[in-house]
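A short worksheet on the structure shown next.
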Amino acid sequence: MSAKVLLVEDSPLIYSALKLLLESGGFDVTVATTAKEAKELGLELRPDVMLLDITLPDDDGLSVLRTLDAEGFKPGATFALTGHSDSETRSRCLEAGCDDVLLKPVPVKQLLRIVSEAVA
Amino acid sequence: MSEVETSNPPSRLEPATDRISALESQLAESQRLIMELKERDALKTQFLSNISHDLRTPLTAIITHAEILRDGILGDVTMKQRESISTIITGGRQLLDMIAEILMHARDSSEPLTLVESEFSIHEVVEQVTSLNESLVAKKGLSLERYLSPSLPAVRGDRDKVIHVLTNLLGNAFEFTPGGGRVWVDAGMSPEDPEHVVLIEVGDTGRGIAPDHHELIFREFAQVDSSASRAHHGTGLGLTIARRFVELHGGRIWVESELGQGSRFFFTLPVKRQGE
């Protein structure tokens with residue numbers, strides 16, 4: 001069975017590109033476009049990997065991790081997606097429980113490799 | 001040219017209270033104008049911040065789709081197709097860098113930047129920045145040399161901002177040095193204050209900068225060649241931001257150069273220790 005990836009990203013332009021990429025890599029991809037939707041889908045699907053845009057329209061993306069954690073679920077790996085490379089953003093994401101922070105646009109081969117290694 | 005009269009000279013007979021009242025009213029009006037300008041400036045910054053985010057999003061999608069095509073994830077591509085797609089990606093990434101510069105400048109104008117300090121090694125920073133540029137150096141046929149004093153102490157400062165300065169100076173050196181040329185980074189203690197100040201040099205054998213332009217290049221939006229047909233493009237903010245970052249650390253940045261003689265950019269960073 002394909003590994004499950006929950007892609008949390010509000011921009012259709014970006015999630016369509018990443019979904020196409022990850023599906024081409026053989027992953028089973030579900031998209032959530034708000035923090036609320038991500039929390040619901042996270043608990044329902046129990047993904048192996050979560051790719052999490054930290055700026056979402058309804059809440060801070062990192063709140064998704066906190067909610068899932070409070071409900072007793074932690075994805076196999078969570079990678080934050082952000083447009084900001086500063087070390088403050090990075091520390092905030094790592095402290096919230098992300099395994100790594102990826103700067104958008106993430107080079108596609110790098111993203112496939114990271115997700116593949118996370119589910120290996 | 002006639003002078004514009006802004007107010008009538010005070011009459012000796014005019015009661016002092018009237019004059020004070022007029023001044024108070026002028027002061028109130030000035031304060032109102034200052035507030036209005038500040039509000040407009042904040043709006044402009046917010047606009048630039050929003051537009052930068054909105055520009056980044058489609059660009060990110062364009063670059064990601066182009067990389068999917070270039071890397072053959074959806075099927076084979078010919079060598080020529082790959083070259084063409086690679087140009088889309090390079091152009092897209094250049095645009096992203098320019099958007100980041102404009103946003104940083106806009107933010108700094110309205111809400112001055114601060115340092116996020118930590119202790120770090122200049123050796124590691126130089127290694128990180130130079131290794132990221134190795135493929136570009138090889139592609140242009142340049143030689144990149146590093147001269148790092150083994151006795152450099154750890155520096156306390158904002159690592160991201162120092163990386164930004166070094167990346168900018170090296171990026172300019174690579175851009176303005178023709179193939180076969182040399183670019184170098186030299187870091188050691190400053191001869192002027194060998195106990196407290198680190199001096200970093202980024203030099204090149206490129207086309208050089210006329211002395212008349214040594215100050216101009218650090219001014220915002222300034223470019224030595226401002227014609228529309230100029231060969232080198234950019235926001236004209238790179239060195240302005242570099243200077244701002246160096247000065248935030250209490251350092252200094254300058255250039256020594258002559259046309260046709262290459263350029264040597266220098267910046268200093270005070271060595272601060274924990275608690276200083």
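The values are calculated or read from the model by the stated rules, or taken from the named source; none is laboratory data. A quick note: this is a predicted structure, and the numbers were derived from the prediction, not measured. Cβ placement follows ideal geometry from the backbone for every residue including glycine, while neighbour counts extend to all protein chains displayed.
Scanning the stretch A:86-94 turns up no residue that is touching a Phe, Trp or Tyr at 6+ places or on another chain (Cβ under 6 Å) and either surrounded by fewer than 22 Cβ atoms within 10 Å (Cβ to Cβ) or closer than 27 Å to B:HIS65 by Cβ (or both). Would you mind stating whether A:ASP86 is at pLDDT below 95 and more than 14 Å from every other protein chain (Cβ to nearest Cβ)? So A:ASP86 does not fit the description; no. Within the stretch B:37-60, residues that are within 14 Å of another protein chain (Cβ to nearest Cβ) and under 22 Å from A:ALA17 (Cβ atoms) reach partners that are surrounded by 13 or more Cβ atoms within 10 Å (Cβ to Cβ) and among the charged types (D, E, K, R) with beta carbons closer than 8 Å, at six or more positions or on different chains, in the pairs B:ARG56/A:LYS104; B:THR60/A:LYS104.
Would you check which residues across the stretch A:50-83 are under 26 Å from A:LEU112 (Cβ atoms) and either free of Cβ contacts under 8 Å to residues at least 12 places away in the same chain or of a type in the set (Asp, Glu) (or both) and list them? I'd like the intermediate steps shown before the answer.
Going through the stretch A:50-83, the residues under 26 Å from A:LEU112 (Cβ atoms) turn out to be A:50-56, A:61-62, A:64-65, A:68, A:73-83.
Scanning the stretch A:50-83 gives a single hit, A:ASP53.
Which residue pairs have Cβ atoms under 7 Å apart, sit 6 or more places apart or on different chains, and have a first residue in the stretch A:37-49 that is more than 7 Å from A:LEU6 (Cβ to Cβ) and a second that is among the hydrophobic types (A, V, I, L, M, F, W, C) and surrounded by fewer than 18 Cβ atoms within 10 Å (Cβ to Cβ)? Going by the 7 Å Cβ cut-off, the qualifying pairs are A:LEU43/A:PHE73; A:ARG46/A:PHE73; A:ASP48/A:VAL119; A:VAL49/A:VAL119. One residue stands out in the stretch B:77-102 among those that are in contact (Cβ under 8 Å) with a residue 12 or more places away in the chain and among the charged types (D, E, K, R): the one that is farthest from B:GLU67 (Cα to Cα), namely B:GLU101.
Within the stretch A:13-35, which residues are over 23 Å from A:SER116 (Cβ atoms) and touching a helix residue (DSSP H, G or I) at 6+ places or on another chain (Cβ under 9 Å)?
A:LEU13, A:THR33, A:ALA35 - these are the residues of the stretch A:13-35 that are over 23 Å from A:SER116 (Cβ atoms) and touching a helix residue (DSSP H, G or I) at 6+ places or on another chain (Cβ under 9 Å).
Looking across the stretch A:38-48 at every residue that is crowded, with 18+ Cβ neighbours inside 10 Å and out of contact with any Pro (no Cβ under 6 Å at 6 or more places or on another chain), the one that is nearest to the other protein chains (Cβ to nearest Cβ) is identified as A:ALA38.
Against the numbered list (1) more than 14 Å from chain A (Cβ to nearest Cβ); (2) loosely packed, with under 14 Cβ neighbours inside 10 Å; (3) over 19 Å from the mean Cα position of the chain (by Cα), B:GLU111 comes up short only at (3). Can you find even one residue in the stretch A:25-41 that is at pLDDT 95 or above and within 17 Å of A:LEU94 (Cα to Cα)? No, every residue in the stretch A:25-41 fails to be at pLDDT 95 or above and within 17 Å of A:LEU94 (Cα to Cα). When the stretch B:71-108 is filtered for residues that are farther than 21 Å from B:PHE245 by Cβ, within 12 Å of another protein chain (Cβ to nearest Cβ), charged (D, E, K, R) and not in a loop (DSSP other than H, G, I, E, B), only B:ARG93 remains. Look at A:LEU111 and say whether it is modelled with pLDDT of 95 or more and within 12 Å of chain B (Cβ to nearest Cβ). It is true that A:LEU111 is modelled with pLDDT of 95 or more and within 12 Å of chain B (Cβ to nearest Cβ). In this structure, does A:ARG92 turn out to be farther than 21 Å from A:LEU22 by Cβ and within 14 Å of another protein chain (Cβ to nearest Cβ)? Spelling it out, A:ARG92 is indeed farther than 21 Å from A:LEU22 by Cβ and within 14 Å of another protein chain (Cβ to nearest Cβ). Select from the stretch A:4-21 the residues that are more than 10 Å from every other protein chain (Cβ to nearest Cβ) and more than 11 Å from the chain's Cα centre (by Cα) and list them in ascending order. A:LYS4, A:LYS19, listed by residue number.
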